[in-house]
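The block underneath contains the structure these notes are about, expressed in structure tokens.
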Amino acid sequence: LLDLRKWRAAIDAPAAPAARAAPAAPAASDEGDVVFEFSLGGDDGDVFVITGADVKHLRRVIAASHLAEKELPALHAEFKREAEDGVLDKPAFDRAIRRLIPGSSLSPEDKQFLSFALSNIFFAFDRDGNNVVDFDEFLSGFSLLVQGSKSDKLALAFRMFDEDGDGYISRLEMWKYLRAFLTMLMSVNTLSQRLPVTEVQTLVDKAAVELTKAVFSSADLDDDGRISYEEFGQWYNAGGFDIIPWLELLDLRKWPELSDEDDYEGSADEGAEPVFEFQLSAEGGDALQITASDVANLQRLNDKARLQRMSPEQLYRAFASEAKDGVLDKSGFDRVVRQLVPGESLTKEDKGYLSFALSNVFYAFDRDQNGVVDFNEFASGFSILAGGSKSDKLSLAFHLFDLDSDGYISRRELWEYLRAFLTVLVALNGGMQDVDPKELVVLIDRNALELTGTVFEQADTDEDDRISYEEFGQWYNSGGFEMIPWLELLDLGKWPMSEGGAADDDDEDESSSAGGEGSAADGDDGGDAADGGDGDEDVDGEPDDESDSGGESLAPVFEFQLTDAGDMLEITEADCDNIAAVNAKAGLIGKTPDELVTSFQREVTSAGQLTKEAFDGVVRSLVPGERLSAKDKSFLSFALSNIFYSFDRDGSNAVDFDEFAAGFTILAGGSKSD
């Protein structure tokens with residue numbers, strides 16, 4: 001690729017695909033990403049993850065409640081006095097909590113947080129939805145929050161399930177024993193809280209069945225259908241910990257930095273700084289933050305599912321085959337996903353991750369929690385995972401909601417239209433995971449309704465109480481983008497994804513992976529489609545071809561393995577378009593490598609470095625500004641500065657000249673050998 005002719009050839013003659021190496025396992029980021037990942041057993045590849053958000057959530061529960069200062073016998077005694085006939089109801093639970101955690105010691109914020117967090121744990125054990133839990137199962141799981149070792153908690157729970165006191169538990173009791181701990185871990189997992197309770201319970205039940213089989217097949221040596229605590233302990237220490245490693249988390253010390261309360265400020269959602277922050281409506285108030293963790297999670301979803309290879313229309317048609325009477329059920333959704341993402345290309349861990357992540361998006365549209373979604377609304381929102389521009393996705397959705405195909409949609413249809421896109425962004429947002437699903441529905445509905453009123457007030461100029469796609473596009477491009485800037489994220493190129501999933505500081509001015517000339521989003525314009533009506537990519541679905549190559553722009557042209565550890569470098573069509581745009585505007589390809597290096601060499605310091613100021617001066621002499629448009633200047637300023645800063649290894653605004661010059665020659669003419 002040092003020979004620029006090899007880039008263009010890849011686009012002009014794509015018939016010879018690059019050999020693809022096996023992808024590397026995803027690495028956890030420093031904050032907000034996967035901290036632990038456990039297999040739940042069985043053949044379905046189900047996995048359970050603990051994220052940085054979960055750790056922070058549990059830290060706050062511990063810090064606010066001080067339950068970690070309580071001992072197991074005291075916890076048992078407080079709840080036992082409230083239990084009747086082996087069960088504990090919600091009012092009794094609340095009374096015990098008020099004794100364990102005096103309200104006088106809590107701030108109003110902590111009271112509200114603990115009320116939600118601890119009630120959420122209770123309801124995770126309420127398997128019949130009748131505000132009652134099995135006492136033994138609940139207390140076994142709830143013991144996670146108090147002091148004591150894993151062995152102390154396992155031993156107490158074993159005695160509770162050993163109902164006849166003979167030192168053994170049956171298969172059924174072992175199933176409930178393991179289910180108790182897994183239910184508790186799920187209840188503090190922010191991702192699982194967004195799924196319907198029945199879905200989580202089914203997952204837990206199935207996992208506990210598989211794990212019980214594994215225990216009895218190895219530990220019940222005399223085949224009498226029962227296990228003693230000693231037999232269970234021997235099995236666990238002899239290798240069972242590889243099968244049920246999540247039991248280690250019963251010891252609070254095993255949670256990273258759980259005892260370190262430095263920097264604790266009382267927020268369960270703290271983590272990476274927001275990459276984007278949007279007001280959800282013109283009225284202000286509700287806000288949506290997209291963090292680096294959200295970007296990394298979306299990147300992982302894209303990397304594994306690769307739905308961005310499809311156009312929005314193709315993705316819509318795939319799911320339409322399973323929709324009936326305007327709705328799509330979960331089983332139909334699952335069948336389509338299995339067709340789109342063949343399981344043979346995935347590891348068990350990848351299957352489990354995708355099953356969870358994609359189901360999470362489905363259930364965000366399940367407004368009645370009955371396993372069924374409105375198809376048009378779901379298809380509109382789910383299109384975010386397809387390739388193509390924002391305009392492609394907006395246009396497809398508009399036609400879906402234009403039920404009579406007259407080119408217009410009503411107030412209600414516009415409300416559902418905006419609601420669809422807002423729902424999927426909320427589904428991809430980790431900061432919303434502690435919010436009750438019913439509250440999320442209210443939040444989304446309220447903001448979509450306010451925006452609908454604003455659109456009609458400003459765009460329905462003939463007051464016929466309907467909006468055409470052209471009217472919506474004109475309104476958006478002439479200022480509406482300032483009220484609904486989050487629509488820009490329908491274009492995956494606007495998410496600052498990279499090898500590490502981190503956002504570049506300059507992302508507000510550029511979308512580095514959007515591709516081509518038109519991908520330079522001027523900071524004052526509000527994004528590609530929001531350039532004050534200039535028209536590089538209007539919302540009317542006529543994007544500039546150079547700025548938007550559709551779903552194929554994200555398809556890999558080259559893929560190289562960089563290390564034995566499996567680190568990969570992927571060059572997409574969008575990258576090829578980007579370097580072509582730099583070449584066309586900068587004209588550096590007209591220089592030989594020697595000429596290009598000599599241009600910079602006279603600015604090198606005695607220490608062998610080139611400063612950013614000197615770099616800018618040389619670039620201005622090589623690329624005269626008078627022959628460039630304002631947009632071209634902005635694009636080149638970003639693109640070339642981005643190259644410079646990639647060599648600035650210590651953030652000093654200076655680079656090692658030899659290393660920089662060697663790399664920068666890629667933009668010159670000449671062969672690879674030159």
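The values are calculated or read from the model by the stated rules, or taken from the named source; none is laboratory data. The model shown is predicted, which means the values in this text are computed figures rather than measured ones. A quick note on method: Cβ atoms are made from the backbone with ideal geometry, for glycine too, and the neighbour counts reach across all protein chains shown. Areas reflect the complete protein model, heavy atoms only, side chains present, ligands, DNA and RNA absent. Shrake-Rupley method; radii C 1.70, N 1.55, O 1.52, S 1.80 Å.
A few comments on the model shown:
- Mean Cβ neighbour count within 10 Å, used as a protection proxy, ranking 642-655, 570-583 highest first: 570-583, 642-655
- Put simply, the convex hull of the Cα atoms in the stretch 302-442 casts, on average, a shadow of 8.8 nm².
- With every protein chain in place, the stretch 393-497: carbon and sulfur % of accessible area (1.4 Å): 50 percent
- Note, ³J(HN,Hα) from phi for the stretch 647-662, Karplus 6.51, -1.76, 1.60, rounded to Hz, x at Gly and Pro: 9, 7, 7, 10, x, 9, 6, 9, 10, 5, 5, 4, 5, 4, 5, 4
- Convex hull volume of the stretch 80-225 per residue (C-alpha atoms, cubic angstrom): 128 Å³
- Percent carbon-and-sulfur accessible area, the stretch 290-375, ignoring ligands, DNA and RNA, probe 1.4 Å: 46 percent
- Probe 1.4 Å, protein heavy atoms only - accessible area per residue of the stretch 334-481 in square angstrom: 39 Å²
- Mean-position separation - Cα centroids, the stretch 479-494 and the stretch 140-192, in angstrom: 47 Å
- Share of carbon and sulfur in the accessible heavy-atom surface of the stretch 202-243 [1.4 Å probe, %]: 52 percent
- HN-Hα J in Hz across the stretch 53-61 - Karplus 6.51, -1.76, 1.60, θ = phi - 60°, x for Gly and Pro: 5, 5, 4, 5, 4, 5, 4, 5, 4
- Proximal lysines relative to LYS591, as straight alpha-carbon distance under 19 Å, when same-chain residues fewer than 8 apart are discounted: LYS6, LYS672
- Across LYS90/LYS438; LYS390/LYS438; LYS90/LYS351; LYS56/LYS324; LYS330/LYS393; LYS56/LYS90, pairs whose alpha-carbon gap is larger than 30 Å: LYS90/LYS351; LYS56/LYS324
- Accessible area (Å², per residue) of the stretch 107-168, counting only protein heavy atoms and a probe of 1.4 Å: 41 Å²
- Between the stretch 57-115 and the stretch 606-674, the alpha-carbon center distance in angstrom: 60 Å
- Accessible-area value, VAL132, 1.4 Å probe, nucleic acids and ligands omitted, Å²: 50 Å²
- Derived scalar couplings between HN and Hα for the stretch 134-141 equal 5, 4, 4, 5, 4, 5, 4, x Hz in order, rounded to whole Hz, by the Karplus curve 6.51 cos²θ - 1.76 cosθ + 1.60 (θ = phi - 60°), x for Gly and Pro.
- Built amide H within the under 5 Å cut-off of VAL35, gap 5+: ILE50, THR51, GLY52
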